[in-house]
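I have placed the structure first, in the form of structure tokens, so that the comments after it can refer back to it.
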Amino acid sequence: MAAKSSTSESKSKTTAKPKTSENYWLLKSEEAVFSIQDLAKAPKKTTCWDGVRNYQARNFLRDSFKLGDLIFYYHSNSEPSAIAGIAEVVKEGYPDHSAFDPDDVHFDPKSDKAKPTWYMIDVKHVETFKKPLPLELLRQIPGLSEMALLQKGSRLSVQPVTAKEWKIITELAAKQ
DNA sequence: GCCAACGTTGGC
DNA sequence: GCCAACGTTGGC
């Protein structure tokens, strides 16, 4: 995904929610646009993930991201492109207001406030890896050959990650 | 509903 | 900056 702009609106509630299942995800952001360092510096270390304008990604954000789900924060279009750390879901899918703002780069005149086309979530910084894990490194790990991020032509900015992939990558990050 | 044209993503 | 891969749009 590309341009993040605004900061969070979420009221952080610290009530522990029972977790039925924990999902894992990967979100892409261009390092130059909104990096994991930017997220760590944001108020409450939280931002709303606005600007996603792809239906498949929208469906994930609206329907499948659950409180407490963990997210790999991926720097796309970067030197090098890499998984830079971890964030978590602190607010589940809600309408993306940037679609209603004519001055926003992500304005979408076709999105109706009564029936919004686009959704976003709030994410909070959890951890910045000491060393980011570049694509080139990830490609060398046999257990990751099926990972969505590594598939040819994969452009989706919101991707599910399997528990197995999550384990491999977090262990790799711990070793760095 | 097909598909060409166009726009975007993102690795290299 | 190039360009392959993909998504969207709109004419028919």
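The values are calculated or read from the model by the stated rules, or taken from the named source; none is laboratory data. This one's a predicted model, so the numbers in the text were calculated from it and none came from an experiment. Reconstructed Cβ throughout: ideal geometry from the backbone, glycine too, with neighbour counts over all protein chains shown.
Data table
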read-out: Selected residue [in contact with a Gly (Cβ under 9 Å, 6 or more places away or on another chain) and either within 16 Å of DNA strand C (Cβ to nearest atom) or more than 18 Å from A:A40 (Cα to Cα) (or both)] from A:S111, A:S98, A:S81, A:S154; value: A:S98
read-out: Residue that is modelled with the lowest pLDDT [pool: residues in the range A:9-62 that are away from DNA strand C (no atom under 16 Å from the Cβ) and of a type in the set (D, E)]; value: A:E9
read-out: Identity of the residue in the range A:54-80, among the basic types (K, R) and farther than 12 Å from A:L156 by Cβ, that ends up nearest to DNA strand B (Cβ to nearest atom); value: A:R62
read-out: Segments classed as strands (runs of 3 or more DSSP E), wholly inside the range A:12-129, with at least 1 members that are polar (S, T, N, Q); value: A:24-30, A:46-48, A:70-76
read-out: Any pair with Cβ under 9 angstrom, 6 or more apart, that starts in the range A:150-165 at a residue that is of a type in the set (V, I, T) and ends at one that is more than 8 Å from DNA strand B (Cβ to nearest atom) and in a loop (DSSP other than H, G, I, E, B); value: A:V158/A:W49; A:V158/A:V52; A:V158/A:F65; A:V161/A:N23; A:V161/A:M147; A:T162/A:E146; A:T162/A:M147
read-out: Residues of the range A:63-98 satisfying the condition of being more than 13 Å from the chain's Cα centre (by Cα), among the charged types (D, E, K, R) and surrounded by fewer than 24 Cβ atoms within 10 Å (Cβ to Cβ); value: A:D63, A:E79
read-out: Enumeration of residues in the range A:29-52 that are surrounded by fewer than 18 Cβ atoms within 10 Å (Cβ to Cβ) and touching a helix residue (DSSP H, G or I) at 6+ places or on another chain (Cβ under 8 Å); value: A:K45
